[in-house]
Amino acid sequence: AGERAGSNNGTTHGVAYNADIYAIKIFNSSGNTTAAATAAGYALIEATGAIDIINNSWGTNSDCSSRDACRTAVGSDFFDNWEDIGQLATPKISVFAAGNDGEDEPSLECQTIKYDADLYNVSVCVVATSHSVSGSGNSQGKGKIATFSNKCGSVSNYCIAAPGDRIYSLTEYGSYTFSNGTSMAAPFVSGGLALVMQEFSSLTPSQVVSRLLTTANDSGEYSQTSIYGHGLMDLNSATTAIAKLQTINGNSLLDDPNTSYYDLEYNSFLSSAAFS
């Protein structure tokens, strides 16, 4: 929760630190869960209605190769409830950690995304990068995929990378510590989606997901789609207006190379009361 929406206390803060957090318990004290528990969690999300983005810093180390096989593997009730919230008038966005097994394919839940439009339009799989070259044995070079992280693999169309190695954040006891895992990377993406949703409130949830994915940094190292999917999350690009609104300056010839333009965001416009 600290990475996603932790309050700005002058020491650290979450990506979307003004967001509201709703915690739904699906794991027991031993860190175990069941398909029935995950299904009940998603049913509660639908019933509550107030939650926009669901961060799932958990996953299953298994594979599936079809919609039916994936539905059975993740639990049919969980799958159906996940699908249901993707069919709402305002769908809920699901973010899943890719897993920490260093494999070429992500978690079972991530693999499930690609087989159903109600899922993949509003779901994101997240792999972890390492931006530290000291104090951690997980780095293959600054900014590269962490050694523990699963890769995007066959889910590259719905996958993105975010920092997940040696992340300094809050513990459940109110102290601070360094943590590693795709469970650290996923909340960064959940927070990023919240910022895009806030900045562009007219976008639908699927458009919010699309914007975050398509504005990711996919140059250089991050052009390897089987590893990083769309690339490294770039919130500056994701929250920057893409187009400009301009007026032409004194010339009606749009194709004249000497024609100049003014950006409306840097100018004011005054009119008479009749015109307004």
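Brief remarks follow.
- The stretch 167-188: number of residues that are of a type in the set (Val, Ile, Thr) and surrounded by fewer than 22 Cβ atoms within 10 Å (Cβ to Cβ): 2
- Scan the stretch 217-231 for residues that are more than 13 Å from Val124 (Cα to Cα) and in contact (Cβ under 8 Å) with a residue 40 or more places away in the chain and the total you get is 5.
- Residues that are more than 25 Å from Leu108 (Cα to Cα) and hydrophobic (A, V, I, L, M, F, W, C) number at least 1 in the following strands (runs of 3 or more DSSP E) confined to the stretch 138-235: 167-170, 176-179.
- If only residues of the stretch 118-134 that are closer than 27 Å to Trp82 by Cβ and of a type in the set (A, V, I, L, M, F, W, C) are counted, the one that is surrounded by the fewest Cβ atoms within 10 Å (Cβ to Cβ) is Leu119.
- Among the residues making up the stretch 135-166, none is within 18 Å of the chain's Cα centre (by Cα), open to solvent by 20 Å² or more (accessible area, probe 1.4 Å) and among the hydrophobic types (A, V, I, L, M, F, W, C).
- Here Gly137, Gly153, Gly141, Gly231 are screened, and the one residue that is over 24 Å from Ala19 (Cα atoms), among the small types (Gly, Ala, Ser) and in contact with a Pro (Cβ under 8 Å, 6 or more places away or on another chain) is Gly153.
- Of residues in the stretch 167-205 being over 16 Å from the mean Cα position of the chain (by Cα) and modelled with pLDDT of 90 or more, the one farthest from Thr240 (Cα to Cα): Asn180
- Residues satisfying the stated conditions in the stretch 151-171, i.e. of a type in the set (A, V, I, L, M, F, W, C) and within 11 Å of Val127 (Cβ to Cβ): Cys152, Val155, Cys159, Ile160, Ala161, Ala162
- Listed by position, the helices (runs of 4 or more DSSP H) inside the stretch 17-115 whose residues that are polar (S, T, N, Q) number at least 2 are 35-48, 76-86, 108-113.
- Among the residues making up the stretch 116-135, a single one is charged (D, E, K, R) and in a loop (DSSP other than H, G, I, E, B): Asp116.
- Residues in the stretch 46-102 that are open to solvent by 70 Å² or more (accessible area, probe 1.4 Å) and closer than 21 Å to Gly31 by Cβ: Asn61, Asn100, Asp101.
- Matching entry among Ser132, Ser65, Ser94 (being modelled with pLDDT of 95 or more, in contact with a strand residue (DSSP E or B) (Cβ under 8 Å, 6 or more places away or on another chain) and of a type in the set (S, T, N, Q)): Ser94
- Matching residues in the stretch 96-151 - criterion: being of a type in the set (Phe, Trp, Tyr) and under 19 Å from Gly75 (Cβ atoms): Phe96, Tyr115, Tyr120
- In this structure, Thr247 qualifies as open to solvent by 30 Å² or more (accessible area, probe 1.4 Å), touching an Asp or Glu at 6+ places or on another chain (Cβ under 9 Å) and more than 24 Å from Leu119 (Cα to Cα).
The values are calculated or read from the model by the stated rules, or taken from the named source; none is laboratory data. Computed from a predicted model, the values in this text were never measured in an experiment. Please note: Cβ atoms are built from the backbone with ideal geometry, for glycine as well, and neighbour counts cover all protein chains shown. These area figures cover heavy atoms from the full protein model, side chains too; ligands, DNA and RNA do not enter into them. Shrake-Rupley method; radii C 1.70, N 1.55, O 1.52, S 1.80 Å.
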